[in-house]
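S.K.: Dumping the structure here so I can ask a few things about it.
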Amino acid sequence: MLEIAIIWDWLAFAFRWLHVITAIAWIGSSFYFIALDLGLHKRPNLPEGVSGEEWQVHGGGFYHIQKYQVAPPNLPTQLTWFKWESYSTWLSGFALMAIMYWSGAELYLIDRSKMDLELWQAILISGGSLAIGWVIYDLLCKSRLGQRPITLMLLLFILLVVMSWGYDQIFTGRAALLHIGAFTATIMTANVFLIIIPNQKIVVADLKQGKKPNPEFGRIGKLRSTHNNYLTLPVIFLMLSNHYPLAFASEYNWIICSLIFLMGVTIRHYFNTIHARKGHPNWTWAVTAMIFIAIMWLSALKPPIGDDFELSNTRTADDPTSHVELVGFDEVDEIIQIRCAACHNRQPVWDQILWAPKTVLLETEQQIIDNADRIFLHSVMTTSMPPSNATFMTVEERQTLMQWYAQIPQSQKLPFVRRQSVQ
Ligand code: HEC
């Protein structure tokens, strides 16, 4: 029988599928045009109004592309627009956000230790913040700062840092990163929907009436599309981050978030430069690597077990001379049964959880040991599990798990991904 839960699960998959496909189409066409634009050649005797041209070879033929800046003298009979790639990415992403984070708000969105929100409040903040973000960004671009692209970029970066911090004050870390991604993606799509395409339509209308279009529209479109260019890679990172607890559920997740936006700039700068045939700024890779290492370091800087937690002295705080007591499996088992088993069980008892999430079963000793690395990442180094700390796991319990984890011989701690696939 088709239970609602089954339909819902497939719906989530369908929208994810659609979202990934549309995003590939959008980003693909956007990267293509950025590279094309930067690589255009000028030569003498180009037709009137042509600012550059390029020859390309692909799929068994040659393409001869010429760019008219701002517009050709006459409107061509056939025009291909690029807009639905962007719109459908946003629409499918919005649907996916509602399916995952609004309908699953209790686990994924609301973190009662941060803010005790009602469901409707959480949804209002989630959706409303996306719209408000666009309004602020758009006002910044339309202000006099629009003439000073670098200052504008800096302000935009500060806006993103503030929003990263802000979302983390309200939502679970997981939802915080997802939302800053959605916030950025909303700006990008709204740039296409509310600025670039409408301006383009004005130009087309002018051409139809035989008027000369205002070059200002070209400049505005270029500014917005440059922002989109630098924002693309961070958005993808943020959308994927919910699979990596160190990224979203560690203490400094909002700083990690901010650094990702810098990596978006350093990586794009490299490609923009080579596409413009201005050399190979390899230093950008060194900077990118340094930022990435800083992110890794930050993610482990302040784990929930305490940054000064030492394996050797917690259990024996009363008696500093004694050796560390080994943590027995019974103790670990008890913690797991109380804090995790309600969901990670063949027959979960948690409302809305119908089967063990991600097929992670934590019932037998073997299953718990097999998942040791994941338990370490999700519940010791980060607060990813239990979600929103739904079962009120304590810091001491996380410390006990840490101790147990440290006791497991390295040989048994193969990378968990490999072991999972063997199971
Ligand atoms: C309230 C229900 C609930 C509780 C309690 C819970 N989990 Fe989870 N767990 C989930 C859900 C839901 C997911 C799937 C998350 C997702 O979709 O990314 C999950 C996923 C996981 C994963 C797999 C993550 C991945 O990305 O592969 C691990 C490991 C895990 N939980 C460990 C734990 C541990 C350890 C505890 C106890 C300390 C725990 N969970 C408590 C609901 C729960």
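The values are calculated or read from the model by the stated rules, or taken from the named source; none is laboratory data. No experiment lies behind these values; they were computed from the predicted model shown. No Cβ is skipped: glycine too gets one built from the backbone with ideal geometry, and neighbour counts run over all protein chains shown.
S.K.: In the set 229, 242, which member is within 16 Å of the ligand (Cβ to nearest atom) and either modelled with pLDDT under 95 or not charged (D, E, K, R) (or both)?
M.R.: Sole residue among the options that is within 16 Å of the ligand (Cβ to nearest atom) and either modelled with pLDDT under 95 or not charged (D, E, K, R) (or both): 242.
S.K.: Quick one: would you say residue 218 is under 12 Å from residue 71 (Cβ atoms) and assigned to a helix (DSSP H, G or I)?
M.R.: yes
S.K.: Also, I was wondering about something else. Please count how many residues of the range 373-384 are of a type in the set (A, V, I, L, M, F, W, C) and more than 10 Å from the ligand (Cβ to nearest atom).
M.R.: 1
S.K.: Restricting the search to the range 341-369, which residues are modelled with pLDDT of 95 or more and among the aromatic types (Phe, Trp, Tyr)?
M.R.: Listed by number, the list is empty, since nothing qualifies.
S.K.: I need the full set of residues from the range 108-128 which are surrounded by 13 or more Cβ atoms within 10 Å (Cβ to Cβ) and among the aliphatic types (A, V, I, L, M), in order please.
M.R.: 109, 110, 115, 117, 119, 122, 123, 125
S.K.: Can you name the condition, by its number, that residue 160 falls short on among (1) modelled with pLDDT of 95 or more; (2) touching an Asp or Glu at 6+ places or on another chain (Cβ under 9 Å)?
M.R.: (2)
S.K.: Residues 178, 130: which one is assigned to a helix (DSSP H, G or I), within 16 Å of the ligand (Cβ to nearest atom) and either in contact (Cβ under 8 Å) with a residue 40 or more places away in the chain or not assigned by TED's automatic domain parsing to the domain that holds residue 77 (or both)?
M.R.: 178
S.K.: Restricting to the range 385-423, count the residues that are at pLDDT below 90 and more than 10 Å from the ligand (Cβ to nearest atom).
M.R.: Final tally of qualifying residues: 15.
S.K.: Residue under question is residue 103, and the condition is that it be modelled with pLDDT under 95 and either surrounded by fewer than 15 Cβ atoms within 10 Å (Cβ to Cβ) or among the polar types (S, T, N, Q) (or both); does it hold?
M.R.: The answer is yes for residue 103.
S.K.: Quick test of your reading of the structure: residue 192 fulfils all but one of (1) under 30 Å from residue 51 (Cβ atoms); (2) in contact (Cβ under 8 Å) with a residue 60 or more places away in the chain; (3) surrounded by fewer than 22 Cβ atoms within 10 Å (Cβ to Cβ). Name the failing condition by number.
M.R.: All conditions are met except number (3).
Here's the yes/no breakdown for (1) at pLDDT 95 or above; (2) surrounded by 12 or more Cβ atoms within 10 Å (Cβ to Cβ); (3) touching a strand residue (DSSP E or B) at 6+ places or on another chain (Cβ under 9 Å):
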| site | (1), (2), (3) |
| --- | --- |
| 1 | no, no, no |
| 9 | no, yes, no |
| 18 | yes, yes, no |
| 38 | no, yes, no |
| 41 | no, no, yes |
| 49 | no, yes, yes |
| 60 | no, no, no |
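S.K.: Which members of the range 276-299 meet the condition of being over 30 Å from residue 39 (Cα atoms) and surrounded by 14 or more Cβ atoms within 10 Å (Cβ to Cβ)?
M.R.: 294, 295, 298, 299 - these are the residues of the range 276-299 that are over 30 Å from residue 39 (Cα atoms) and surrounded by 14 or more Cβ atoms within 10 Å (Cβ to Cβ).
S.K.: Also: How many residues, within the range 77-104, are in a helix (DSSP H, G or I), more than 16 Å from the chain's Cα centre (by Cα) and either outside the structural domain of residue 166 (by TED's automatic domain parsing) or under 29 Å from residue 304 (Cα atoms) (or both)?
M.R.: Residues that pass the stated criteria total 1.
S.K.: Go through the range 334-357 and count every residue that is without any contact (Cβ under 8 Å) to a residue 60 or more places away in the chain, in contact with a Leu (Cβ under 9 Å, 6 or more places away or on another chain), closer than 18 Å to residue 104 by Cα and more than 7 Å from the ligand (Cβ to nearest atom).
M.R.: Of the residues in the range 334-357, 2 are without any contact (Cβ under 8 Å) to a residue 60 or more places away in the chain, in contact with a Leu (Cβ under 9 Å, 6 or more places away or on another chain), closer than 18 Å to residue 104 by Cα and more than 7 Å from the ligand (Cβ to nearest atom).
S.K.: Just the residues that are assigned to a loop (DSSP other than H, G, I, E, B), surrounded by 18 or more Cβ atoms within 10 Å (Cβ to Cβ) and not polar (S, T, N, Q), please, taken from the range 221-252.
M.R.: 249, 251
S.K.: Which ones in the range 103-118 are within 16 Å of the ligand (Cβ to nearest atom) and either acidic (Asp, Glu) or in contact with a helix residue (DSSP H, G or I) (Cβ under 7 Å, 6 or more places away or on another chain) (or both)?
M.R.: Those that are within 16 Å of the ligand (Cβ to nearest atom) and either acidic (Asp, Glu) or in contact with a helix residue (DSSP H, G or I) (Cβ under 7 Å, 6 or more places away or on another chain) (or both): 105, 106, 107, 108, 109, 110, 111, 112, 113.
S.K.: Return the residues of the range 358-372 that are more than 10 Å from the ligand (Cβ to nearest atom), among the β-branched types (Val, Ile, Thr) and part of a loop (DSSP other than H, G, I, E, B); say none if nothing qualifies.
M.R.: Residue satisfying the conditions is 364 alone.
S.K.: Also, I was wondering about something else. Cβ-Cβ under 6 Å, sequence separation 6+ or interchain: first residue in the range 105-116 and over 20 Å from residue 353 (Cβ atoms) and not assigned by TED's automatic domain parsing to the domain that holds residue 388, partner away from the ligand (no atom under 12 Å from the Cβ) and not charged (D, E, K, R). Which pairs?
M.R.: As it stands, the answer is 115/170, since those pairs meet every condition given.
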